[in-house]
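Heads up: the structure comes next, in structure tokens.
The values are calculated or read from the model by the stated rules, or taken from the named source; none is laboratory data. None of these values were measured; they are calculated from a predicted model. Here the Cβ is made from the backbone with ideal geometry for all residues, glycine too, and neighbour counts use every protein chain on show. When the accessible area is computed, the model is the full protein with side chains, heavy atoms only, and any ligands, DNA or RNA have been set aside. Shrake-Rupley method; radii C 1.70, N 1.55, O 1.52, S 1.80 Å.
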Amino acid sequence: MELKLLTNPGCTVYRLNRGAQGEGFQLTWREGVTHVNSRSPRLRATDKLPLKGQAIARELCSGNGISRILTEPRDDPADPATIDPVFLVAPRVTDGLYLLPKAVNPQLAISELGANLSVPGVQPESSRQKNNMPEGRNYWQGVRAAAISAAELLIACATRALDVDHRSLEAVEPRPFGRGDPDPLLPLIQIVDAHVNGAGFSTWLGEERQAVPPILARIEECLREEAEEWSREDHQHDCQDSCYRCLKTYENQYFHGLLDWRLALTYLRAFVQPDWMCGLDGDFSWAPLGDWPKQAERAARLTLQLWGGDDTTDLIRSQQEASDSWLLAFRLPMREVVSGRGPWVIVRHPLWRWGLDKGPLAAFAAELGEENPDQAVLCWDTFNLTRRPGRSRQWMTAQGARRRKRRRR
């Protein structure tokens, strides 16, 4: 395994609250007099406590909301400067374990994590069109789901080996790590102890003085035992994405919409084996990846059925000799087009990288472009197509809309 390990027995973890919309809290300066609790033995109801230069949530300053916080409020504070949106942070010192691959396969997109992501080929020209255009965090959400699922899988295996409660370890949001151009960014998986000041679990998992660090043994165990057990017919019949027999727990309920046992295993293997192609070479012999071609075809047919397409004429497979017909695309039905036929959309695995000049996806896109040179060729993953089909169609429609020429006056 080509993997770097680092343990930190005194790391500081920050729990970040970005607000309801993820854009921070809107605060404004206000001054006034606070309400006095009449039950307080040291204060009388007639006492006034001035409040100077306080930052209060903007939504509480409209209507009667401010009256529940301040009495005799004044609109003009001593410092009228505006406040930029802020995040709330709660620090905690504990033990941490960091996993970083030494290299990544350039054909795979396992490093597309974080907030500053872009969508290949998206160049909005108007504000109206920009509202429907996908953002990078939307387009690459399948990679984030795979990384989070892989971290939850490692926590489950590690706590079972340690014989401790599942809540003893926590996964920090996976993120890209590195300096960037020209060096490639690498995905970073972080696992920390849930106990304040740490309990030594993360440190023990990354202990390199042992013959094999325990976390590496757990990864090998996952890629061997979990891959075989979860790929059995009885489990696949009852579990479409994740269940309480594999990844779901009571503690990770806020991730249930992202968890996927197939993505967890494929991401983990791509994380430790940079030469693995994750099926992009047409090899789907590994059990967790074996049924993906059927999933891709099911997602394409479902999209056509939902939006009025014909799965006999609007579904096409690649004619590349090496592809063995495992690459397919569907024609997106669009009412905005006079002919009723929109762009071709290639169906890709969430971990495949789109936007490269070379590779099977680029060759298939060139093949489709020759047939319809006036229309764009799009590429979307099975995670978005199956998890949020309606929103994905809006994004694809915005991408495939033909550019209108401005009329000269």
Item to check | Relative contact order [Cα under 8 Å, 6+ residues apart], the chain, whole percent | outcome: 16
Item to check | Residue among 362, 146, 270 with the largest mean-square fluctuation in a Gaussian network model of the chain, springs linking Cα atoms under 10 Å | outcome: 362
Checklist entry - Projected area of the stretch 103-239, taken from the Cα convex hull and averaged over every viewing direction, in nm²? => result 12.7
Checklist entry - In the chain, carbon and sulfur make up what percent of the accessible area (probe 1.4 Å)? => result 47
Item to check | the stretch 137-177 versus the stretch 240-288: alpha-carbon centroid distance in Å | outcome: 11
Checklist entry - Is it possible to state the helix-based mean residue ellipticity at 222 nm for the chain, with each DSSP H run of 4+ residues giving -39500 (n - 2.57), the sum divided by total residues, to the nearest 500 deg cm²/dmol? What is it? => result -8000 deg cm²/dmol
Checklist entry - All other residues with a Cβ under 13 Å from the Cβ of residue 143 taken together, and with Lys, Arg as +1 and Asp, Glu as -1, what is their net charge? => result +1
Checklist entry - Tell me, what is the FRET efficiency for residue 236 and residue 4 to the nearest 0.05, using R0 = 35 angstrom and their Cβ-Cβ distance as r? => result 0.55
Next on the checklist: Using a 1.4 Å probe on the protein heavy atoms only, what accessible surface does residue 144 show? Give it in Å² to the nearest 10.
Outcome noted: 70
Item to check | Per residue, in Å², the accessible surface of the chain once ligands and nucleic acids are set aside, probe 1.4 Å | outcome: 56
Next on the checklist: Pairing rule first: another cysteine's C-beta must sit under 4.7 Å. Under that rule, which cysteines of the chain stay single?
Outcome noted: 11, 61, 157, 222, 246, 278, 379
Checklist entry - Cβ under 12 Å from residue 10's Cβ, residue 10 left aside: what net charge do those residues give with Lys, Arg +1 and Asp, Glu -1? => result -1
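If a/c stays under 1.5 just call it rounded; otherwise compare a/b with b/c (prolate if a/b is bigger, oblate if not). Do that for the stretch 356-399, with a ≥ b ≥ c from the square roots of the Cα gyration tensor eigenvalues.
Oblate is the answer for the stretch 356-399, as a/c is 1.5 or above yet b/c matches or exceeds a/b.
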Item to check | Solution diffusion estimate, µm²/s, Stokes-Einstein, the chain, Kirkwood Rh from C-alpha pairs, 20 °C, viscosity 1.002 mPa s | outcome: 87
